[in-house]
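Where a number appears in this text, it was derived from the coordinates with a stated rule and is not lab data. Bear in mind the structure is a predicted one, so any value in this text is a computation, not a measurement. All Cβ positions, glycine included, derive from the backbone under ideal geometry; neighbour counts span all protein chains shown.
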Amino acid sequence: MQPRRQKRLFAILLVIGLLTGAVAAMLYALQQNIDLFYTPSQLVDGLGKDKIKPQVGQRLRIGGMVVAGSVKRDPESLKVSFDLVDTGPLVTVIYEGILPDLFREGQGIVAQGVLQDATTIKASEVLAKHDEEYMPPEVAEALKGIRHVPPSQQQPASGSY
Amino acid sequence: MIVEAGQLALTFAFALSLLLAILPLYGSFVANQRMLLLAKPLALGQFLFCLLAMLALIYAFRTNDFTVVNVAQNSSTTLPWYYQITASFGSHEGSMLLWVLMLAGWTALVAQFSKALPLLLLGRILGILGIICVGFIAFSLFMSNPFERSLPFFPVEGRDLNPLLQDFGMIMHPPTLYMGYVGFAVAFAFAIAALMGGRFDSVWARWVRPWALAAWLFLTLGIMLGSWWAYNELGWGGWWFWDPVENASFMPWLAGTALIHSLAVTEKRGTFKSWTVLLALAAFALSLVGAFLVRSGVLVSVHSFATDPGRGMYLLVFLLLVVGGSLLLYGMRMNSVRSQARYQLFSREMVLWGNNIFLLTACLIVFLGTLFPLFHKELGLGSISIGEPFFNQMFYYLTIPFALMLGLGPWVRWKQQQFTPLVKPLGLVAVASLVLALGVLASMQSVQANLALLGMLLGAWVGVSALAEVMLRMRQFGSVTQGMTKLNASHYGMTLAHIGFAVLVIGVAMTKTYTEERDVRMEEGDTATLAGYQFTLVDVYDLDGPNYGGQAAELDVRKDGRYITHLHAEKRFYRIQRTIMTEAAVHARLSRDLYVSLGEELPGNAWALRIQVKPFVRWIWLGGLLMSLGALLALADKRYRRKTPPAIKQEVANA
C-alpha cells in the first residue's frame, strides 16, 4: 500500500475503534443510569402491558400529589415522611434533608430514590418546581381527568387543608 | 402608542430581513453589483428597527403598561426598576425578541466590519444571515408577539417577574448566552457562502476565525454566568446539574470549541477544510437544537418556558430546513474540495484532529443523554430520566486522555514532529506538575489516591505545560523579553485559555471530592460544626423587601475559636407570585466557599439549614473566565485586522 493510503486506513480504523468503544461504554453507562418513572398506582400494580413491578432496591423516580395531612416530621432531626397518590393506592416516601421551597401538601412532586419495600421509597432527592402552577408532566398525564387546581386559584373555603 | 410603534418597528425589520434574504443572494448569482451593495444598508436598517422594537418593549415594562399581556404576566409596579428592564427578556416572547436583536446585531457587525471581504462573498454572507433573520423575526412576530395587548380587559397589577430571575446574574446571563448562541450563525453563514462559491482557503479561514472566536467567547461567558447564577439562586450549592437546558448550551459550546481548533488547522495549513465547514454547520445547528429544546417544552427542565406545541413545531421545521438545506449543499459541493497539505502521523494536525474527536464524542454523549429520555417516551417505553452519574462517569473517562493530549498539543510542530526533542522538556513539565500537585495536596494534608489527586495532576500538567511552552517560544526569539513582544496575541490567548481549562479541571475535581454538606436542624444559639468551621445561628427575623417578605437568618462563623465571618441567608416569599425563594449566604475565598441556605421552619422554633463547605469552587468560574479572556486576547491579534492583499481579493471575487 502507498504510505498515504496506509495512513488513511490507519486513521479510519482508529476512528472506528474509538467510536465503537465510546458508544459501547456510553450504552453500558446509560443502562446503569436509567431511572424509570412510576406513579404510585404504577408502582403498586406494575408498569406497562406486562405489569412489571419494580424490585426492592431498584433506583427509580416517583411522581404524585402529596396527600394532605400525611407529612410527618421527626422533631429531633430533618427526617420526614409523606404519602403520594395519583388515582389509587398510596405510596410512602421517606426523606432526610431540606424539602424544596415549593413542597407543600396537595402539590405535585417528583422524588428520586430507592425502593425500600413494596410501597415505601427512600428518597435521595425531592423535586418541586419553582412555580406553583407547575405539575410534573408525567404526573399530569397519569392523573388524566383529575384537574390540578393551583393554590392561587383555589377558593379559601375549599382550598385550605 | 409606543407599543404599537414597537410592533411596527418589528414589522419593518421583518420587511428589511426579507429584502436582505432575497436581493443580495439573487444579485450574487446574476452579478448585479447594485443589489450586492444593498446588503449593508439593509443589515444596518434591520438592526436599527429591531433595536427600536426592543426599546419600545422596555418602555412598556418601565411604564407598567399592563394592557400588554407580556408586561402584565412578567412585571409589577413593586418590581425594582432594573428588574423591570430585565423582565423585558424574562419571558418567552421577550427573550425571543432579544434573540432577534442579537441576531440582527451580529448581522450589522458583519456588515460594518468586513471591509476586507470581497463584495460578492459579503453579499452572500449577509443574505444567508438575512434568511435566518427572516425565520426568527417571523417567529417573534407571528408566533410569540411580545407586544400583544389584552384590551379591553386588563389587570391593574402585573403578575410580577419569576423570583428566580430577580438576580444580578439574570441581568447578565441571557444576553451573553444569546450573543454566543446566535454568534455561531455568522460562522454558519460564512460556511454556506463559501460552499456556494466552492472555495475554501487560508484566507477564508482567517476571515471566519475572529467571528467564531467572538461567538465562543460569549457562549463561554454565558455558560459560566449561568452556572454562577444557579449556584447563588437555586439554593442547593450546585454549579452544574446536567439539566437538559444546560446541556442545550453545552452542545454548541463543545462543537464551537472543536470549530475554533479546526479553523486553526485550516488557516495555517489549508487542510481539514470539509471538516471545518461541517463543524461550522454543526455549531449553529446545535444552537438551534438548543432553542428548540428550551422553547418547545418537549423536555422537563427548570429553565423551560411554557409549553406551546405550535411554537415547538415551528422551530423544529425551521431547524430541519436549515440543517437539511445546509447538509444538501454540503454534500453537493464538498466532494470537489481537496486538501493538498501532507502531514505525518505525529504532527500538530493529528493532535488537533484528536482534540476534535474527543470534543465531538463529548458532544455526542451530551446529545444522547439529553434526548434519550425523549425518544424512550415517544417510543412508548415509559418515562425515564438519565441520572447525573451517567454524564459524570463519561466525562471522567473523556477528560483524562483529553487533558493529557492538551498538555502535549502546543509543543507539537505542524507537518511532522520527532519524538526525541520533546522528551526532555515534557519530562521536565511532567516532573514539575507532579511536584506541584503533590505539594499543594500535601500542604492541605490530603494526599490520597482520589479524584482530587487526579484532577490536580491533570490540571498541573496542562497548566505547567502551557506556561513552559510559551516561555520556550519566547526564548526562540532570543530572550524572554525580546520574545514577549514578538509572539502573536493569539498565542497568548491560546495559552491563557488552556490555563483556564487547567483551572477548571482542578476546581471541578477539588469541589467534587472535598465538598462537605450537612442538613441540620438548628434553634437560635445552636452551633453546627462542618469541616472545622463552627456555624452559630445568631438570629432569625422577618424580612420586608419591596416585593417580597420572608425570613432572614444571621450566622457567625468561627474556626478554632477565631471569628471568620458573618453570614446572612434569606428565605424570601414573593407576594404576587406566591413563591418561596432561597437566597443563600456565601462567603467566597479562592480556596473555599462557605455556603448556607435557610430551609423550612420546623416545629419547636427551629429551622432547617443546609451548610456546605466547598473547596476550590471559585476555580470553576475562574477557569471559564480565563478561557473567555484567552479568546478575547486571541481576537486582539493583528492579523485579523490586516488588509487582504489585492491579488487575493481579486482571486476570491472571481470564485
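Here are the numbers for the structure shown:
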quantity	calculated
Percent of Cα pairs exceeding the 23 Å cut-off, where the set is the stretch B:413-513	36
For B:ASN64, net neighbour charge (Lys/Arg +1, Asp/Glu -1) across residues whose Cβ lies under 14 Å away	-1
Extension gain from B:ALA442 to B:ARG475, taking 0.36 nm per residue of separation minus the Cα-Cα distance	8.6 nm
Distance between the stretch B:567-632 and the stretch A:1-56 - C-alpha centres, whole angstrom	36
Charge dipole magnitude, Cβ of K and R +1, D and E -1 - chain B, Cα centre, debye nearest 20	3740
Distant-in-sequence amide H partners of B:ALA606 (H built 1.01 Å from N, under 5 Å)	none
Shape metrics for the stretch A:67-112, restricted to C-alpha atoms - Rg then Dmax, Å	10.6, 34
Pair-distance profile P(r), taking every C-alpha pair of the stretch B:354-400, with 10 angstrom steps and integer %	26, 45, 23, 6
Lys/Arg +1, Asp/Glu -1 at C-beta; the protein assembly as shown dipole; positive extreme among B:ILE22, B:LEU316, B:ASN74	B:ILE22
Span per principal axis, largest first, for the Cα atoms of the stretch A:1-99 (Å)	79, 39, 20
Note, ³J(HN,Hα) from phi for the stretch A:94-101, Karplus 6.51, -1.76, 1.60, rounded to Hz, x at Gly and Pro	10, 8, 10, x, 8, 6, x, 3
Share of alpha-carbon pairs per 5 Å distance bin for the stretch B:1-101, given as whole %	3, 14, 20, 18, 13, 10, 8, 6, 5, 3, 1, 0
Partner chain coverage, peptide A:63-76 - average Cβ within 10 angstrom	1
Per residue, the convex hull volume that the Cα atoms of the stretch B:311-430 enclose (Å³)	163
Cα convex hull of the stretch B:124-261 - mean projected area over all directions, nm²	11.2
All Cα pairs of the stretch B:491-619, percent lying beyond 26 Å	34
Gain in span if fully extended, B:GLN33 to B:MET1, counting 0.36 nm per residue against the direct Cα distance	7.5 nm
Whichever lysines have a C-alpha closer than 30 Å to that of B:LYS424, once near sequence neighbours (fewer than 8 apart) are set aside	A:LYS7, B:LYS268, B:LYS415, B:LYS486
Normalised convex hull volume, chain B, alpha-carbon set, Å³ per residue	179
Above-threshold pairs, the threshold being 31 Å between Cα atoms, out of A:LYS53/A:LYS79; B:LYS40/B:LYS638; B:LYS571/B:LYS614; B:LYS512/B:LYS638	B:LYS512/B:LYS638
Cubic angstrom per residue, convex hull over Cα atoms of the stretch B:428-572	187
Three-way shape call for the stretch B:382-457 based on the alpha-carbon gyration tensor, with the a/c threshold at 1.5	oblate
Over chain B, relative contact order from alpha-carbon pairs under 8 Å, at least 6 apart, %	12
Alpha-carbon Rg/Rh ratio, for the protein assembly as shown, with Rh computed the Kirkwood way	0.98
Ellipticity estimate at 222 nm from DSSP helix runs (n ≥ 4, -39,500 (n - 2.57)) divided over chain B, nearest 500	-22000 deg cm²/dmol
Most to least packed among B:7-15, B:475-483, B:181-189, B:82-90 [average Cβ atoms within 10 Å]	B:181-189, B:82-90, B:7-15, B:475-483
Chain B: DSSP helices with Cα axial extent of at least 18 Å and average Kyte-Doolittle hydropathy no lower than 1.6	B:2-30, B:119-138, B:420-443, B:617-635
